[in-house]
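The values are calculated or read from the model by the stated rules, or taken from the named source; none is laboratory data. Note that the coordinates shown come from a computational prediction; the quantities given were computed from them, not determined experimentally. So basically every Cβ, Gly included, is an ideal-geometry build from the backbone, and we count neighbours across all protein chains shown. Please note that ligands, DNA and RNA were not included when accessible areas were found on the heavy atoms of the full protein model with its side chains. Shrake-Rupley method; radii C 1.70, N 1.55, O 1.52, S 1.80 Å.
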Amino acid sequence: MKIGFFTDSYFPEIDGVTYTIELWRAELERKGHEVYVVYPDGDYEPDEREIPVKSMPNPFYAGYRVPLFRRPSTLPDLDVVHCHGPAPIGMLGRYYAWKHDLPAVYTHHTPLEEYFHQSVKVGAVAAVLSKLYVPTENAFLRSFDVVTASTERIDRSVEHVPLPVGIDMEFFQPTDENWYPEQTVIGYSGRLSMEKNVDEILRVAEELPDYEFLVVGEGPRRGSLERNAPDNVRIRDFLPREELPALYSSIDVFVTASTGDTLGLSTLEANACGTPVVAADVAPFDRTIDADNGHRFEYGDLEAMASAIETCLRTDHDTRAAVEEYDVHRTLDHLEYLYHTAQTSTTETSTAADDGWGLSEESQGSLK
């Protein structure tokens, strides 16, 4: 099968969407499919199945680019279109599918309206844009044969298949390497942007001066975070992906105060490496984090956040077992099924199953 991924988030920018597309592509190609990625060009050297679209810098969100135009006739012949966002390249993918009468699948990764407040400086304008944007995206999503999302809740009025993006459990495992054998280290890895609320990690670090805090990432808030970081906080660049298992295995607790995640891949990756997670008691962590793999706190309650960290430090957890349901192999088996059935009735594939994966019993049976 020739599959086209259409995405406005891709290398050299590093985020959860980019890593998901990279992982899904690798797994699908391992299964014998051909996967083509259509993305905005940038400072990145594409391979033969990565297709750049001429683009310009995004004036509203540093690090991302605004694609301009690419004629659909210049794209390869595909069997299925899979769009990973509602921006111009996602729209290009939808048009390509319509023009060639192909099945079209959409994965909802990010509630973009939550980012307007950091891109648009005037709060009232951002609120108006958010109110206008959601109905527009709803109309776009309804044009697809299948819509998937990592959880049951995506705040969109469309039927969808809950399909966690998945993590590579073979890659993310506990390592023998320990970077901080003599220290207790609380860590975070991810984008340094407004919705990630990394400043809350700085606040709790001041409350826990006996521990070292490590913040790994890049983003528009980095300069401000570096200026305000207490002495026990170190901020460093994103690590090469091959070093992440050692990072997660070396820290004692992974902490996040994010209120803008759809699944929280880094938290699950840390769990897969044996490290408990402290997260705010908001979606999606109210589903993915519990006493088996960490602890939650009420967002904004600094005392509760500090207490959650202390609880994780003195509690044993079998964190890896707690996240086995998010193994990417399971995700890709379901995704293949969706590709094959996308041109038929979507009613069957959009009925949420008891296990939260969104496949009916009949559909699940066909995968066994």
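For the stretch 43-65, a residue qualifies if it is at pLDDT 85 or above, of a type outside the set (Lys, Arg) and touching a strand residue (DSSP E or B) at 6+ places or on another chain (Cβ under 7 Å), and the qualifying residues are 46, 50, 51, 52, 53.
Can you work out which of the residues in the stretch 159-199 that are β-branched (Val, Ile, Thr) and open to solvent by less than 20 Å² (accessible area, probe 1.4 Å) is farthest from residue 24 (Cα to Cα)? Selected residue: 185. Considering the stretch 295-317, the residues that are over 20 Å from residue 185 (Cβ atoms) and assigned to a loop (DSSP other than H, G, I, E, B) include one that is most open to solvent (accessible area, probe 1.4 Å), namely 298. Please go through the stretch 89-102 and pick out each residue that is open to solvent by 10 Å² or more (accessible area, probe 1.4 Å) and not hydroxyl-bearing (Ser, Thr, Tyr). 91, 92, 94, 98, 99, 100, 101, 102, listed by residue number. Is there a residue being open to solvent by 30 Å² or more (accessible area, probe 1.4 Å), acidic (Asp, Glu), within 25 Å of residue 17 (Cα to Cα) and at pLDDT below 95 anywhere in the stretch 266-282? Checking the stretch 266-282: not a single residue is open to solvent by 30 Å² or more (accessible area, probe 1.4 Å), acidic (Asp, Glu), within 25 Å of residue 17 (Cα to Cα) and at pLDDT below 95. When you scan the stretch 227-235, do you find a residue that is of a type in the set (A, V, I, L, M), open to solvent by less than 10 Å² (accessible area, probe 1.4 Å) and either free of Cβ contacts under 8 Å to residues at least 60 places away in the same chain or in a helix (DSSP H, G or I) (or both), even just one? The answer is no, given that none of the residues of the stretch 227-235 is of a type in the set (A, V, I, L, M), open to solvent by less than 10 Å² (accessible area, probe 1.4 Å) and either free of Cβ contacts under 8 Å to residues at least 60 places away in the same chain or in a helix (DSSP H, G or I) (or both).
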